[in-house]
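Right, one structure below, let's go through it.
The values are calculated or read from the model by the stated rules, or taken from the named source; none is laboratory data. Not measured: the values here are computed from a predicted model. Because the Cβ atoms are built from the backbone with ideal geometry, glycine has one as well, and the counts that use them run over all protein chains shown.
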Amino acid sequence: MSPITLFLIALGLGLAGWLAARAKAWSFQQESGAKRLAARPNYHAWYVALWIVIPTLAFALIWTLTAPQLVIQSVLASEAASTLPEFGFQRESILSEARAVASGSAGAVFNPAAQEFVEPFREAISRYRLIGIAIAVVIAFGCGLASFLRLKPDFTARTRVERTVMVILLLASLVAILTTFGIFASLVFETFRFFGMVNPIDFLFGTFWGPDPMSNPDNPDSSRYGAIPLFWGTIYIGAIIAMIVAIPLGLMSAIYLTQYAHPKVRAWVKPTLEILAGVPTVVYGYFAALTVAPAIRDMAYSIGFTSASSESALAAGLVMGVMIIPFVSSMADDSIAAVPSAMRDGSLAMGATTSETIRKVLVPAALPGIVAGVMLAISRAIGETMIVVMAAGAAANLTGNPLEAMTTVTFQIVAMLTGEGSFDHPATLSAFALGFVLFMVTLGLNFVALRVVKRFREAYE
Amino acid sequence: MSNIQAPTRNEAFAKRLKKRYAAERMFKLAGLGAIAFSVAVLIFLLSSMALNGLGGFQRAELSVPIDLSEYGISANADQFATPSTVQALEAQGLPDIVQISAVTALGEDGASELSSQAWRDLAAQIIANPELARGPQTFNLPASADLAAGLNNEGSPEMQSLADQLANQGVLSENFDFGFLQRSDATDPQLAGIWGALKGSILTMVVTLVLAFPIGVLAALYLEEYAPKNRWTDIIEVSINNLAAVPSIIFGLLGLAVFLWIFPNFRSAPLIGGMTLALMTMPVIVISGRNAIKAVPPSIRDGALAVGASPIQVVFHHVLPLALPGILTGTIIGMARALGETAPLLMIGMRAFVATPPDGFTAPATVLPVQIFLWSDEIDRGFVERTSAAIIVLLLFLLLMNGLAIYLRNKFEKTW
């Protein structure tokens, strides 16, 4: 509860400072009479409020991160700590149990050894809580007073407040860069740790995938980390089967909706198709696993494929294709709409039928845009997780038979990170290497696709 | 004149024209077929979920007469107000009382025909209405999972015939299960509910909204209104466009590697889940926000500047209020996407079995889509219907959010 208390203190004192500063600014106006203030009273108020809230919140953030460490240290410095086991799992569990009881999130201790730490924890927590509140109040008052004393009739509060607002805006837009950098850095870091244990050549070109999370982490068997079957499964499901479904269906629906359908029909059908894109992927996964996969297996049995398994690449790919239809359709829609209508009208005026115009003029002219849309669709399909986790299976098969179970990069990321393995094991770290490959591939596809779209737009402008 | 034939009279031409018209019709039909197929799949998907899910809102229950006063369960209203009442009732022997009553009412196998945790249900009923403990009452208690399957004509033949027999006696029936919306996860499908997951979802969404909305709107304002055209803004723009297209599972890896490294104690907490989803939602808000801001005509800005407003005043007093409906629409759509997201939350450990609703932002929790995923993995047949019922709840929430977005757009959209 301590962070929320600090947060409320910051906001409450900020409000108090706001009101006080505004009152003072009003009094300037009344005293000086004809002489005008350099800024409206509200800006004086915001100036003081910002000076109170920003430093106090910064302190609250730092304190929230450091206080738990301080609490642990003071508990360990107490007399009872000498009875603790030196290190390891037991020590951690005793301490975390005592802390849970002391902070009220657990009713009673299970481990009697934890009992004697409850009291020191409770003491330390309440002591550091008081210290934190005291420092927050001191900071708020100090900054508030310093800024309050600067208020004068000719004080340019507005420009200062606006400068701060500008900095906040800039910081907000930097969050995007920070996130990209965070993704890149964390993936690269863990991937390098992984490649310190497993040979990158074996990883990228090996054809056998079977990491054993229980094996000895110090001496991993590089030949078990061949990711080719995963890459193949990903491409087969996401870029081949799903696209065989999504490209014709998406393209044809876009063509029908833009070229043939009555505007009223279009107004109803387009949002209906968009619903397909809005259904959560876990629902598609459930649908694939429960309805589509058994149907495909039964059909395969009936035409003589007795080896068909209940989880198949085909089921996952088909459902993924359906999910991607609205995506392809809206990209195709945009690029067909971008073709100048003079080209269409010219073709129709020469006596071509509508379908001839579409096939021979509109689609070729819109092709770069459509190809870019397909690339974006592929990048979305290969990054899709839940459908393959629920319907594609775990077996890393390097096969072209769509009726067999296949596994993908995303499936293995989930499998490696939700298993029992420790965080330092190469099997766990392999998830980050796979994630890195996935990230780079989707990034590349998106980059190229956006470039193509941009150039294509310019060509017709 | 009569020598010149109209081209349509030419036989070869007429044939060709016929062929071309046939191709035209085929092409049109193919387009119609593509749309019909997509819509048919959508209808099939939704209706199969709905049909399965309606069963998930029901539960096979046995009516068992129990006289609690006979066993000395005290019906003291004060006592029932304390939180540990369930433990107190357990200590007073409620589980045994239920078993004995079941044997009395249903014969020797009575105890095994009830769900092993049926007494918890009874305890909840008594706590809700202490009057029930005063005298003999007939309680509807959850049947065992096997018996419930029997009632659905699944499972072993013996159970099916037993279920038929009990149903004919009027002891066993399917009742609407209000508790499904109030309970949390359980190992027995008869006792499973979604309130815990729903509450986890709500807490996670609150964190996501609180972080993603302000950051997204402020970033959109900066990029659209103030940013100078230079290399830095180009980098910001490229990274926002890329983040919008990065697979969601990558955000899960980020949350695992960075957020859980900073807050190792908050594994599977809504706080971390919300932070992870906020990074995913923020680019969506920025992109839709920029479009909404771009749609505000420049004359508004020029007018405000002309009467002496500062650039900040122009944006916060004039542009932002006019763009807000558009920004809100984009935000709601982004939040709906985050609500349905599963993969990144699996990465940060929100897949634990959580039997009590989370009581704060740092308590272990799970969310609705993850709950659906976990239930879909259960072997017990009873969970199939429960999963579909949970999917219905999730889809209803998404429908509600998207409906709100459409309403906002239609109500406040302005054409300048």
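Scan (1) at pLDDT 90 or above; (2) under 16 Å from residue A:229 (Cα atoms) for the single condition residue A:376 breaks and write down its number.
(2)
Give the range A:148-188 a look and list any residue that's surrounded by fewer than 18 Cβ atoms within 10 Å (Cβ to Cβ), over 29 Å from residue A:23 (Cβ atoms) and touching a residue at least 24 places away in the same chain (Cβ under 8 Å), or say none.
The answer is A:184, A:188.
Look at the range B:54-83 and say how many of its residues are modelled with pLDDT under 65 and in contact with an Asp or Glu (Cβ under 8 Å, 6 or more places away or on another chain).
Number satisfying all stated conditions: 1.
Given (1) among the β-branched types (Val, Ile, Thr); (2) within 30 Å of residue B:13 (Cα to Cα); (3) at the interface with chain B (Cβ under 10 Å from one of its Cβ atoms), where does residue A:363 come up short, assuming only one miss?
(3)
Can you confirm whether residue A:117 is away from chain B (no Cβ under 14 Å), in contact with an Asp or Glu (Cβ under 9 Å, 6 or more places away or on another chain), of a type in the set (Phe, Trp, Tyr) and surrounded by 14 or more Cβ atoms within 10 Å (Cβ to Cβ)?
For residue A:117, the condition - away from chain B (no Cβ under 14 Å), in contact with an Asp or Glu (Cβ under 9 Å, 6 or more places away or on another chain), of a type in the set (Phe, Trp, Tyr) and surrounded by 14 or more Cβ atoms within 10 Å (Cβ to Cβ) - is met.
What is the residue count in the range A:189-220 for residues that are touching a Phe, Trp or Tyr at 6+ places or on another chain (Cβ under 7 Å) and within 11 Å of chain B (Cβ to nearest Cβ)?
Going through the range A:189-220 one residue at a time, the tally reaches 2.
Among (1) within 16 Å of residue A:212 (Cα to Cα); (2) facing chain B (nearest Cβ under 10 Å); (3) modelled with pLDDT of 85 or more, there is one condition residue A:423 misses while meeting the rest; what is its number?
All conditions are met except number (3).
Answer yes or no as to whether residue A:347 is surrounded by fewer than 23 Cβ atoms within 10 Å (Cβ to Cβ), more than 35 Å from the chain's Cα centre (by Cα), closer than 20 Å to residue B:28 by Cβ and at the interface with chain B (Cβ under 10 Å from one of its Cβ atoms).
Considered against the rule, which asks whether it is surrounded by fewer than 23 Cβ atoms within 10 Å (Cβ to Cβ), more than 35 Å from the chain's Cα centre (by Cα), closer than 20 Å to residue B:28 by Cβ and at the interface with chain B (Cβ under 10 Å from one of its Cβ atoms), residue A:347 comes out as no.
Name the one entry in A:427, A:396, A:449, A:431 that is touching a strand residue (DSSP E or B) at 6+ places or on another chain (Cβ under 7 Å) and either of a type in the set (A, V, I, L, M) or more than 22 Å from residue A:202 (Cα to Cα) (or both).
A:396
Based on this model, can you work out whether residue B:274 counts as over 17 Å from residue B:226 (Cα atoms), free of Cβ contacts under 8 Å to residues at least 60 places away in the same chain and not aromatic (Phe, Trp, Tyr)?
In short, no.
Residues checked against (1) part of a helix (DSSP H, G or I); (2) under 27 Å from the mean Cα position of the chain (by Cα):
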{"residue": "A:361", "(1), (2)": "yes, no"}
{"residue": "A:366", "(1), (2)": "yes, no"}
{"residue": "A:384", "(1), (2)": "no, yes"}
{"residue": "A:387", "(1), (2)": "yes, yes"}
{"residue": "A:405", "(1), (2)": "no, no"}
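List the helices (runs of 4 or more DSSP H) inside the range B:218-318, counting only whole elements, that have at least 2 residues being facing another protein chain (nearest Cβ under 10 Å), surrounded by 16 or more Cβ atoms within 10 Å (Cβ to Cβ) and of a type in the set (S, T, N, Q).
Result: B:231-245.
If the requirement is being hydroxyl-bearing (Ser, Thr, Tyr) and farther than 30 Å from residue B:237 by Cα, which of these qualifies: A:399, A:442, A:410?
One residue alone meets the criteria, A:399.
Do you know which residues across the range A:276-310 are within 31 Å of the chain's Cα centre (by Cα) and either of a type in the set (Ser, Thr, Tyr) or not assigned by TED's automatic domain parsing to the domain that holds residue A:327 (or both)?
Answer for the range A:276-310, where residues must be within 31 Å of the chain's Cα centre (by Cα) and either of a type in the set (Ser, Thr, Tyr) or not assigned by TED's automatic domain parsing to the domain that holds residue A:327 (or both): A:281, A:284, A:286, A:291.
If residue B:123 passes every condition in (1) surrounded by fewer than 18 Cβ atoms within 10 Å (Cβ to Cβ); (2) touching a helix residue (DSSP H, G or I) at 6+ places or on another chain (Cβ under 9 Å) but one, which one does it miss?
Residue B:123 satisfies every listed condition except (1).
Please indicate, with yes or no, whether at least one residue in the range A:346-359 is assigned to a helix (DSSP H, G or I), closer than 19 Å to residue A:460 by Cα and among the acidic types (Asp, Glu).
no
Would you check if there is a residue in the range B:351-362 being within 29 Å of residue A:163 (Cβ to Cβ), away from chain A (no Cβ under 13 Å) and surrounded by fewer than 23 Cβ atoms within 10 Å (Cβ to Cβ)?
No: zero hits.
Can residue A:431 be described as aliphatic (A, V, I, L, M) and part of a loop (DSSP other than H, G, I, E, B)?
No: the conditions fail for residue A:431.
Can you name the residue in the range A:230-253 that is facing chain B (nearest Cβ under 9 Å) and buried (at least 18 other Cβ atoms within 10 Å of the Cβ) and, of all such residues, is farthest from residue B:333 (Cα to Cα)?
If we take residues in the range A:230-253 being facing chain B (nearest Cβ under 9 Å) and buried (at least 18 other Cβ atoms within 10 Å of the Cβ), then A:252 is farthest from residue B:333 (Cα to Cα).
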